[in-house]
Amino acid sequence: MNIWLNRTYATNYWFLQMLRSNPDGTPVRLFATHTDETSPVLQAADVTEIEPALTGDAYVDWALAFCQAHAIDVLLPGKEMLAIATRAVEFAALGVHVLASPAPSIALLDDKDATYASASALGVPVPPWRTAQGADAFVDAVASLRSELEADEVVCFKPLQGVGAEGFRVLDDSATTLDDLLAAPSHRVRTDEVAFALERAADTGRDLPTFMVLPYMASPEISVDCLSTTFGETLAALPRAKAGRKRTFLDDEPRAVEIAHRMVDSYQLAYLTNTQLRWWRGELALLEVNTRPSGGLYAASLTGLNLPWAAVTLALEGTSPVLEPQLGHSFVSVDTVVSLPAPVEHAPAHLAPSPAAEPVGAGTTLLADAV
C-alpha cells in the first residue's frame, strides 16, 4: 500500500512510524515530500522528493502527476489541503483516497472570524471577538473589546488565517521593566507598537492581514483529536489537556468531547481533525478547529489507539474497528534527534529512498517543529 504525506509538520515523523507499525501488519510504502530537505519527515519515509515551489491549481496538477507516477493509494494532504480537497474527484479518478474534509468546510474553518460566527449560531460557546485590518481599525477593535472585559482580563490577537501560533500575540501596554528584559522572550507586545508596524507596512504598499482580536482565555487548553467518517460521524474523540509541561488524556471532561462532536457533525468533518478549546468565564469555549491532524496526534498511541492507521482503514474499507481508548494517562514530551543523510555536492530532485528511523518512544517530540 502506497501512502503519501506531502509537506507537513516535523512531528508527523511519528505519524509515519505509526503507519509502518500498523496493528494489521499490512506492508506499507511511505512517501513524503517537502520543500526543505532537512525535514525529519523525509527521514521516516521510504521514498522522498523535494516539492516544487508551486501553489494553488499548479500545485494540485503536480500532486496529481505524483500520485499517478507512484501509484499512490492514500494521500494525507498538509500543504494546499483546500486546493486538493476542491479537486478530490480528480484524485478519486486515479484511485487515490484523499484523507480530507469537504472543501467548503475546510474553507470556512480556515477563517477564524467565519468559524466563530458559524459556531456561535450553532450554540457552541465562543468568546467575544473583533476583526480589524489596518492600524486605526486595530486600535478601535482593541478599545471596543476591552470595554466588554473585566479589568483583569487580557486581550490577544492573531491572523484570521494561520497555522499554530504564527502571528499570535498578547497585548500588554504596561511599561517595559528590567525584569521583562531579563526574562525569556515572550509573545507580549504593546498596542501602539502593533499600530506603528501596521502604519509602516501600509506606507510601503504591503497588503495588510486581517487580525482577530479576542480575550486571552484561561488554561488548560484542551485539544480533542477526532476520527470521523466522511459524513461527520465521530468514531473517536480524545481530549488532551495541556497545562505547562504536563499533558493529560482526560476521562472526566465530557463537555469537551460534546463540543468536538458538534463541530465534526455540523461541518461533516472527515477522517482526522482537531478541535481546540479553552476556558472562558468558567465554561469551555471554542478556540479553533483544525481540519487536519494535530501535530501532537502521535501521543494518541498512549490510549491504545493507532488513529493514523484507523483513518487509512476507514478510507479504504469504509469501516473502522471499534475504538475503545484508554484515557486518563498523563505524559510529558522530550526532544530527540533524527539523523540526516550525508550531504551531497549536487542534490538531485528525487532523493534516494531512506530507511525508516526507529522511533525513540511514545510521547517524543522533535527538535524541529516547523512545517
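Taken together, the values in this text are just the output of simple stated rules run on the coordinates, not laboratory data. This is a predicted model, so every value here is computed, not measured. Counting neighbours? That spans all protein chains shown, and the Cβs are built from the backbone with ideal geometry, glycine included.
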Q. In a GNM of the chain with a 10 Å cut-off on Cα contacts, which of E153, E80, E233 has the highest mean-square fluctuation?
A. E153
**Q.** Ordering of 302-312, 256-266 by burial proxy (mean other Cβ atoms within 10 Å per residue, highest first)
**A.** 302-312, 256-266
Q.
As an exercise, find the ratio Rg/Rh for the chain from alpha-carbon atoms, using the Kirkwood inverse-distance average for Rh.
A. 0.97
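R190 to D140: extension gain in nm, 0.36 nm per residue of separation minus the Cα-Cα distance?
Working: separation 50, 0.36 × 50 = 18.00 nm, distance 1.43 nm.
Gain on extension, R190 to D140, equals 16.6 nm.
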Q: State the percent of C-alpha pairs, over all pairs in the stretch 128-215, separated by a distance greater than 19 angstrom.
A: 41 percent
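Please compute the net charge surrounding V60, taking Lys and Arg as +1 and Asp and Glu as -1 over other residues with Cβ under 14 Å from its Cβ.
-2
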**Q.** Taking the C-alpha atoms of the stretch 230-272, convex hull volume expressed per residue in Å³
**A.** 75 Å³
